[in-house]
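The values are calculated or read from the model by the stated rules, or taken from the named source; none is laboratory data. All of these numbers come straight from a predicted model, not from anything done at the bench. Using ideal geometry, Cβ is built from the backbone for each residue, glycine included, and neighbour counts are taken over all protein chains shown.
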Amino acid sequence: MVTAPNQEEAAKIADHAVRSRHAACATTIPMAQSTYWWEGQVVSEQEAVLFMKTTVDRFSLLQDTIRKVHSYKVPEIIAIPVSIGLPQYLEWVRREAS
């Protein structure tokens, strides 16, 4: 999961991640309201949220790809482990993120 400052940057990150095959898929939610601490102040901004599907083996490469494109000094890049899912979908992710 990654947040981005706007839809345009989210689309750029998604394109790089999928074209590099570091992610099989990137799903973008264009508007989310985020409230967080940054440099001693509470900030509230609209962001886009990306959910990128990859494998454990590809996570480091995906993270590097995101950091090359992302404009944030400290981007939110977190992995949410999948404990179970449709086997055919999970196999598709493994095949496409290779």
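State which residue is surrounded by the fewest Cβ atoms within 10 Å (Cβ to Cβ) when the search covers only region 62-75 and only residues that are within 12 Å of the chain's Cα centre (by Cα) and among the polar types (S, T, N, Q).
Out of the qualifying residues, it is 63.
Return the total of residues in region 39-57 being assigned to a helix (DSSP H, G or I) and touching a Cys at 6+ places or on another chain (Cβ under 9 Å).
The total comes to 0.
What about residue 29, is it in contact with a Pro (Cβ under 7 Å, 6 or more places away or on another chain), β-branched (Val, Ile, Thr) and under 15 Å from residue 6 (Cα atoms)?
Numbers: in contact with a Pro (Cβ under 7 Å, 6 or more places away or on another chain): no; β-branched (Val, Ile, Thr): yes; under 15 Å from residue 6 (Cα atoms): yes.
No; evaluated as a whole, the condition is false for this residue.
Please determine, by comparing only the residues of region 76-98 that are assigned to a loop (DSSP other than H, G, I, E, B) and of a type outside the set (Val, Ile, Thr), which one is farthest from the chain's Cα centre (by Cα).
So the residue we want is 86.
What number of residues in region 39-56 are over 19 Å from residue 97 (Cβ atoms) and surrounded by 12 or more Cβ atoms within 10 Å (Cβ to Cβ)?
5
Do we find a residue being basic (Lys, Arg), under 14 Å from residue 26 (Cβ atoms) and modelled with pLDDT of 95 or more anywhere in region 57-79?
The answer is yes; a qualifying residue exists.
So residue 59 passes all but one of these: (1) within 22 Å of residue 92 (Cβ to Cβ); (2) exposed (fewer than 12 other Cβ atoms within 10 Å of the Cβ). Which condition number does it fail?
Against the list (1) within 22 Å of residue 92 (Cβ to Cβ); (2) exposed (fewer than 12 other Cβ atoms within 10 Å of the Cβ), residue 59 comes up short only on (2).
Condition (residue is in contact with a Phe, Trp or Tyr (Cβ under 9 Å, 6 or more places away or on another chain), modelled with pLDDT of 95 or more, surrounded by 16 or more Cβ atoms within 10 Å (Cβ to Cβ) and not in a strand (DSSP E or B)) applied to region 27-38: is it met by at least one residue?
No - not one qualifying residue is present in region 27-38.
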